[in-house]
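Comments concern the structure below.
The values are calculated or read from the model by the stated rules, or taken from the named source; none is laboratory data. Model, not experiment: these values are computed from the prediction. Cβ placement follows ideal geometry from the backbone for every residue including glycine, while neighbour counts extend to all protein chains displayed. Each accessible area value is taken on the protein alone, full model and side chains, heavy atoms only, with ligands, DNA and RNA left out. Shrake-Rupley method; radii C 1.70, N 1.55, O 1.52, S 1.80 Å.
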Amino acid sequence: MKKILSLIGFCILLGSTALAQARKIPLDNGWEYREYKGSKPELTEWRSATVPGLIHTDLLAYKLIPDPFYRDNEKKVQWVSDSEWEYRRIITADRYLLKHKHIDLVFDGLNTVADVFLNGKTIIHADNMFREWRVNIKSYLKQGNNTLAVVFHPIRPEVARLIKAHPEEDEGKDTSALAKLILDKFKQASYIRKAAYEGGWDWGPNMITCGIWRPVYLQTWEDQRIVDMGIAQPDICLQAAHISTDIRVLSTNKTEAALKITYAQGAEKRTFTYPVTLHSGMNEISYPINIANPKLWYPNGYGKQDMYLFKAELTTGGHITDEVSTKTGLRSVKLNRERDSLGRKFEFIVNGIPVFAKGANIIPFDHFPTRMTVKRYRHFLQATADAHMNMLRLWGGGYYETREFYDLCDEMGIMVWQDFMFANATPPSFLKDNIAKEVDYQVRRLRNHPCIAIWCGNNEISNNTEGGFFTDPNDAGGIPKSFKRMFDKMLSNTKPKTYTDYLETFGYLIPGIVNRITPEIPYTSSSPTSEFEIQSAKFISGDRHNYDVWWGNEPIENQANYRHRFVSETGIQGFPDIATIDAFTEPADRSLTSDIMNWHQKNFSVNGNTVIGKIIKTEYKDPANLATFDYLSQVVQGESLKIYTEAMRRRRPFSMGFLYWQLNDSWPVISWATMDYYGRPKAAMYMAKYFYEPVLVSPYEEGGKINIYVVSDHTSGEAALLDVRLMDFSGKVLWSKKLNHKVKDLSSEIALSIPKEELSGINYDPAKCFISAKLTSSQGVLLSSNDLYFKRPKDLQYINSTIQTELSKQGDHYVLKISSSALAPRVEITFGDEDVSLSDNYIDLLPNEPASISITGRITLEKLKMALKIRSINQL
């Protein structure tokens, strides 16, 4: 049955005020959907729809499709992508609504190829899911009921039509089988401005969806409305902030007006009123504001995230015509790319502080993004903040995130490396006008979020254009060394049009828009990129994507030797929590070789589970079952990131950033994520709390020495005590040294260098011993602890031990105390399917040194004790 939302009374209540001031009327309710021109009654029947929403989630709500995340149901829902779908609702227009001079219908997002009809007349043809669609519908409305309908068309026929209509895009195209294998999928996806991940990636399913995926509303206004307001921040420091309010006003005539600007921060509030003459058309108005001793916004770990509220009121003829407000944080952000003796720097400087970027890449949090909630966003983002991350890269194969996501990043001090939504293939030239409107819209939408630290043109398209600029055989940019020969062959066939299209889009069009609207926010053309500078062992610049362990079969230990300025992607896969595997499988599916387990492993070119197995066998003993394989895959994923991250941080300031691939999943899958689809942290997420901690002690064996590095992200120095011990696995101390150490601000240095000859007289066995390093503040607070092993785990001669446990309730949480008489590496603590959160996990439990872990969840102490399971590497 139709749901009709009447607007009668809305304008009655507002009276003449409604005709004077612009208003927004939400249209998210009252929608229904059906298959357009379908043949099955159960699909052509009108059913209520959720807006914002997507067709797959609407079908799921009525159980018209099976859960596509379960087992291999992905196969069973492919027909949805090939169908046409219609959404509709009724707009009841009364005479008060119709008195407005402008009644704009606004869709914040339509996914993707769609026609919008009002009373049977076409009013919008949409072909870009990343931009707003707005039309004045006053002339189409009639008094009474009006039918608004949206018909979504399948993507594949549209792509085929565009390819046929634009043969010029294939001019000089490489037609080799290799090029078809590598590039054709991405190239075809680039013909439509739609999230690339929907068609499948090496971690995600192929489920192309559609729907009204962002809010829809009416906006009524008379002669003027405020289009948007940006807070430009050209000059920010602790002493003063010289900013400006940049306001766009659309006016239908020339008129005298006034703009009242108010800003507030805590108890501080200032108001300014400016007279302004508006001309017909778009008015771009800028007013300077000077704030003495401003409260600045800082990244996580560097200070508070103070925010200012700005409000603008437009008055004409004595009436408030429109008003808008926005929040922002005041900060300066620069990307330092100055030359030095080894190439060119790549470091972020925020409020004058050189910041080592620590974080991860994020992909869509859900294949069907309209299911995301603020609670789910907060869960993931709080985990990153707790792990001392200060930057997330929002990957270019997904979508621009919601306001709620960026608000949370603002709140938590998480900087965002914002890719524009282009991945792995240069978009065709006929899309440039569409792209320009998208970029203009998104930059204006996001610019006031202080978390935005950099705009990035695309993801990995540079591999197709810059690959030949890497002359060092040990540095292939973003191309795995094992693939470089293939890419070199394709690059040799690349035609001038490829470079021209690439440079026009990412070197001219997009940066031109970005620099016009937000000149104070850095821009980089791609990730990875050296901006076409020749790279060699003597000249290193730009950011890198490095997968030489995953794709090149290099041992994880080699990552300690990689010399990069900034790593913006790297990682290896790890299995998700067993409870997550249980959620998408039946009991018979739960083996490494089952069809269902392989279906949820999307690294098809080389079976990802096989690669994980090879890495495990290199480092550990052969796992006996799925549960052990799952455990070891998580541990080795974390150890791999630990090795690489610590090496990058030890090389500060040469290296100034590490963003691993990837934080999250879009569905339950075996992948590079460190938190699975349900938000369950893997071992690597717990380890990140240590390898990303602000002060890091990092022991490393090099050049015949054991060097104990101390790395600090703090902006001031501090006194500390360094305690280094050589111990056997039973806890016997064979050698030790304590020294006072002054930790320098924003630095990496060797605090203690131990020649191996100094230890030779001890006659220690490297297979039975390890180095323990602890750094404690002058107040006795542990700043960092770390361990160094002399051999791979499978070559160490561990001592079997029993881990002692004690569970107790303390206030609103539980505390688990654990201890062991011998070294227990990477202790895993699990509670089965119980929904609990742990403050720590996968720790190295040193001999006779108890550890305490907090546990929260709605569960009784008795159930916790029954569900508790513990294991460690030495028990396998």
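Structure summary
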| item | result |
| --- | --- |
| Relative contact order (%) - segment 822-876, alpha-carbon pairs under 8 angstrom, separation at least six | 49 |
| Nearest 10 degrees, 0 to 90: helix 155-165 Cα axis against the chain principal axis | 70 |
| For the chain, share of DSSP beta bridges that run antiparallel, in % to the nearest 5 | 85 |
| In sequence order, calculated HN-Hα J values of segment 576-588 (Karplus, 6.51, -1.76, 1.60; Hz; x Gly/Pro) | x, 4, 4, 4, 6, 4, 4, 6, 10, 10, 9, x, 5 |
| Positive-end extreme of charge dipole, the chain - chosen from THR570, ILE534, PRO496 (charges on Cβ) | PRO496 |
| The chain: angle of helix 374-386 to the longest principal axis, Cα-based, in degrees nearest 10 | 40 |
| Heavy atoms of TYR690 accessible to a 1.4 Å probe, total area in Å² rounded to 10 | 90 |
| Relative contact order computed over the chain (Cα-Cα under 8 Å; 6+ residues apart), in percent | 9 |
| Whole-percent carbon and sulfur share, accessible surface of the chain, 1.4 Å | 51 |
| Ranked packing of 52-65, 100-113, most packed first, by mean Cβ within 10 Å | 100-113, 52-65 |
| Spacing of the two label points (7 Å from each Cα toward its C-beta) at THR92 and ALA149, in nm | 2.2 |
| Global geometry of segment 407-469, whether rounded, prolate or oblate, following the gyration tensor of its Cα atoms and the 1.5 cut on a/c | oblate |
| Cα gyration tensor shape of the chain, rounded if a/c is under 1.5, else prolate or oblate by comparing a/b with b/c | prolate |
| Gyration tensor verdict on segment 322-454 (Cα atoms; rounded if a/c is under 1.5, prolate if a/b is larger than b/c, oblate otherwise) | rounded |
| Hits among lysines - C-alpha to C-alpha of LYS737 under 22 Å, sequence gap 8 or more where chains match | LYS705, LYS756, LYS768, LYS774 |
| Top positive-direction residue, dipole computed over the chain with Cβ charges, set THR370, ALA624, ILE25 | ILE25 |
| Accessible solvent surface per residue of segment 204-304, calculated while the other protein chains remain in place, 1.4 angstrom probe, Å² | 42 |
| Cα-centre dipole for segment 533-663 with unit charges at Cβ (Lys and Arg positive, Asp and Glu negative), debye to 20 | 780 |
| Solvent exposure of segment 616-706 as accessible area per residue, Å², 1.4 Å probe | 22 |
| Test item: Cα-centred dipole of the chain, Lys/Arg +1 and Asp/Glu -1 on Cβ, debye | 860 |
| Estimated 222 nm signal from helices in the chain, with DSSP H stretches of n ≥ 4 weighted -39500 (n - 2.57), rounded to 500 | -6000 deg cm²/dmol |
| Cα-projected label distance for LYS863 with ASN553, points at 7 Å along beta-carbon direction, nm | 4.8 |
| Accessible area in square angstrom per residue, segment 324-389, 1.4 angstrom probe | 36 |
| Pairs from LYS689/LYS742; LYS101/LYS121; LYS295/LYS345; LYS63/LYS164; LYS24/LYS254 whose Cα-Cα separation, in the structure shown, is over 27 Å | LYS295/LYS345; LYS63/LYS164 |
| Point-charge dipole on Cβ atoms (K/R +1, D/E -1) for segment 304-432, about Cα centre, debye to 20 | 420 |
| Cα centroid of segment 661-698 to Cα centroid of segment 494-518, whole Å | 34 |
| Dimensions (Å) - segment 513-614, Cα atoms, principal axes, largest first | 56, 37, 22 |
| Straight-distance crosslink candidates among aspartates and glutamates, where the alpha carbon sits under 18 Å from LYS40 and sequence neighbours closer than 8 are dropped | GLU32, ASP58, ASP82, GLU84, GLU86 |
| Charge dipole of the chain about the Cα centre (unit charges at C-beta), most positive-ward option of THR645, GLN442, MET282 | MET282 |
| Using alpha-carbon coordinates, inclination of helix 403-412 to the longest axis of the chain, degrees | 40 |
